[in-house]
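Accompanying notes for the structure given below.
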Amino acid sequence: MSIKSKLQRAYVSLMMRIVGRGLAIASRVDSDTAYELQHLPAEMTVAMRVYPNGPCCLLQHTGTDLSYLGVRDSCDADMEIIFKHLQHAWLLYTFQEDTPTAFARNRIVLDGEVHHATVFNRCLSRLMILILPRLLAKRAVKRYPVIALRDKFSLASAIYLRMPFERTRAAL
Amino acid sequence: MTSRYYEFYCPVKILAGLKALEHLPAELAERDCAAPMVLTDKGVREAGLIKHVEIAFEEAGLSIGPVFDDIPPDSSTDVVESIAREFRERDCDSLIAVGGGSVLDTAKAVNILVSEGGEFLRAYVGAHKLTRPLKPLVAIATTAGTGSEVTTVAVIKDTHKQKKDAFQSSHLMPAVAVIDPRMTLTVPPVITAATAMDALTHAVEAFTCIAKNPLSDAYASAAIKKIVTALPLVLAEPGHTDARLDLAEAATMAGIAFSNSMVGLVHAIGHSLGAVCHLHHGTCMSLLLPYVLEYNFDAIQDDLGALLPLLAGDKAARATPPEERARASIAAIRDLRDEIFDATQLPRSLSEAGKVEKSQLAKIADLSVDDGALMFNPVEADRSDILNILEKAWSLPN
């Protein structure tokens, strides 16, 4: 593996940790994310992974919120969002491309039920809107919604402040 | 450096034109198949269309094997699982599907079970669950619209959960698709119009949504031109076999286009509208298409403008200033819709359809946001955006 690839893998792995923990926290502090998650079955596991050897971020819907199960080299989940190459995950996590565009350009494949993926994508978009500055978030989602700066700031603070303390949990 | 990338895949062998059905025995022999099972529905059988297939086999000194003709319009997992059992009991080795979208989707789902194994379809719900090539499936479409004969998708109702499950895999594509003008000759004008508008919507969404690529664009453009030219001819003269063949070819081309570039918001809402109100899918497409194009307008203006020569002709396009071509394309689709209404009474609005209650619109919007097609729409749409589109589609402007 070239140095560039090693650096990209390290960056993607770090971003997966941030996104995984961020989603788990958002599922508890943001009512919009919690509302979306009602549409996923309890105990369902969700993975975002890079083909073939990871990294792979694993989450589980407990029935009320999301648990962060960690970032690994491999994983097996009920629904998997699979980047066909490390470079594609790099594009997404450096906000050069949003998730729908990555799907449209066949850089990501879905292994699982399509309507679950649409729900998860809305949670992911919501997280990007909350934790990223507006300019970056606009590149990560199809449409940046109207959101009061005070709401964004308080939710972003809640997510960032809890992030160092968000534990990796065991699967149910 | 460009970040552009696309994939295009269509391994289906297409037999199109005069006596296309008569080539079937040779196609099966080439695949070492001698015991096909025929799947169809009562309507197709009563219209005498299976007779064409039987004659094609008799002329080759063969018989067509068991015929299952009890597929309902809204096929279910129970139906699929019982056909799969019969397929195994009778030692069949291939499938011939003769019908519209429901029959073709049922055949694809049966093929999953008889090729992958297992008793229950539930295990294969979703995308990319199939791991190997399936048994040879021949698709003979009797409506010119769904494009199912060349797509990677099957949609089947889960009998127990009362919801529709989608199955998606490149292995679901039939081995052979037959486009024979005899098979669509008896379709009533209103169904001909609705299915043609379904095909038109496939092509327009393939051309305007975010997964478009140069190859899907080529198929979509050719399909649009054929539909706009052939549909009025078929409505004026239902026995016009050349125009019927053009429509069927256009539906297949639109199918190839959207199978490789996906569809968008028209389908996301249309799937939910069909599920809640049991409105014909083609009717849903026909009455929603102009409103969704208006909703997407800012993002698709250039692509929409490029469609004007195909929708209204070169002369009309040349006479329209470039900045007005996108609006003129929507107007041309509305004109076609009105022309179809005059000929067939195909509804132009939700209220005209007579099967939709205003109180159902919120539920339709709720379901639409979870539809996978929404991912590929160029403009984000949430529940209130979709509700707004449905309100606009409720009645025609005065």
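The values are calculated or read from the model by the stated rules, or taken from the named source; none is laboratory data. Since the model is a prediction, treat every value here as computed from it, not as a measurement. As a convention, Cβ positions derive from the backbone with ideal geometry for all residues, glycine included, and neighbour counts pool all protein chains shown.
Residues of region A:144-172 that are among the basic types (Lys, Arg) and in a loop (DSSP other than H, G, I, E, B): A:Arg167, A:Arg169.
Selection of first residues in region A:88-115 that are in contact (Cβ under 8 Å) with a residue 40 or more places away in the chain and over 30 Å from B:Lys163 (Cβ atoms) and of second residues that are aliphatic (A, V, I, L, M) and not in a helix (DSSP H, G or I), restricted to Cβ pairs under 6 Å at least 6 apart or on distinct chains, gives the following pairs, ordered by first then second residue: A:Ala89/A:Val50.
Rundown of residues vs (1) modelled with pLDDT of 95 or more; (2) at negative phi; (3) buried (at least 24 other Cβ atoms within 10 Å of the Cβ), yes/no style:
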residue: B:Leu235; (1), (2), (3): yes, yes, no
residue: B:Met253; (1), (2), (3): yes, yes, yes
residue: B:Val276; (1), (2), (3): no, yes, no
residue: B:Asn296; (1), (2), (3): yes, yes, no
residue: B:Pro309; (1), (2), (3): yes, yes, no
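Taking residues in region B:324-343 that are more than 23 Å from B:Ala236 (Cα to Cα), and partners anywhere that are part of a helix (DSSP H, G or I) and small (Gly, Ala, Ser), the pairs with Cβ atoms closer than 6 Å and at least 6 places apart or on different chains are B:Arg325/B:Gly305; B:Ala326/B:Gly305. Restricting attention to region B:154-169, the residues that are more than 11 Å from chain A (Cβ to nearest Cβ) and either at pLDDT 90 or above or in contact with a strand residue (DSSP E or B) (Cβ under 7 Å, 6 or more places away or on another chain) (or both) add up to 5.
So in region B:375-388, with the set limited to residues that are surrounded by fewer than 23 Cβ atoms within 10 Å (Cβ to Cβ) and assigned to a helix (DSSP H, G or I), which one is farthest from the other protein chains (Cβ to nearest Cβ)? Per the criteria, the residue is B:Leu387. Looking only at region B:65-99, which residues are within 23 Å of B:Ala144 (Cβ to Cβ) and in contact with an Asp or Glu (Cβ under 8 Å, 6 or more places away or on another chain)? Across region B:65-99, the qualifying residues are B:Asp69, B:Ile71, B:Pro72, B:Pro73, B:Ser75, B:Gly99.
Checked against the criteria, B:Ser329 counts as surrounded by 22 or more Cβ atoms within 10 Å (Cβ to Cβ), among the polar types (S, T, N, Q) and assigned to a helix (DSSP H, G or I). Only one entry of B:Met285, B:Met262 meets the criterion of being crowded, with 19+ Cβ neighbours inside 10 Å, of a type outside the set (Phe, Trp, Tyr), at pLDDT below 95 and closer than 27 Å to B:Glu149 by Cβ, and that entry is B:Met262. Among the residues of region A:13-39, the ones that are modelled with pLDDT of 95 or more and farther than 20 Å from A:Leu130 by Cα come to 1 in all.
Restricting region A:52-94 to residues that are away from every other protein chain (no Cβ under 14 Å) and among the polar types (S, T, N, Q) leaves a set whose member that is farthest from A:Phe120 (Cα to Cα) is A:Asn53. When you check B:Thr344 against the structure, is it touching a Pro at 6+ places or on another chain (Cβ under 6 Å) and farther than 30 Å from A:Tyr144 by Cβ, yes or no? Criteria met by B:Thr344. On the stretch given as region A:140-158, residues that are more than 13 Å from chain B (Cβ to nearest Cβ), in contact (Cβ under 8 Å) with a residue 40 or more places away in the chain and within 28 Å of A:Leu91 (Cβ to Cβ) total 1. Hey, among the residues in region A:100-116 that are hydrophobic (A, V, I, L, M, F, W, C) and facing another protein chain (nearest Cβ under 7 Å), which one's surrounded by the fewest Cβ atoms within 10 Å (Cβ to Cβ)? The selected residue is A:Val109. Within region B:123-139, can you find the residues that are of a type in the set (D, E, K, R) and either buried (at least 21 other Cβ atoms within 10 Å of the Cβ) or within 11 Å of chain A (Cβ to nearest Cβ) (or both)? Matches in region B:123-139: B:Lys129 only. Taken over region B:342-378, the criterion of being over 21 Å from the mean Cα position of the chain (by Cα) and of a type in the set (Lys, Arg) is satisfied by B:Lys355, B:Lys358, B:Lys363.
Hey, does region A:123-138 have a residue that's within 15 Å of the chain's Cα centre (by Cα), among the polar types (S, T, N, Q) and within 7 Å of chain B (Cβ to nearest Cβ)? There is no residue in region A:123-138 that is within 15 Å of the chain's Cα centre (by Cα), among the polar types (S, T, N, Q) and within 7 Å of chain B (Cβ to nearest Cβ).
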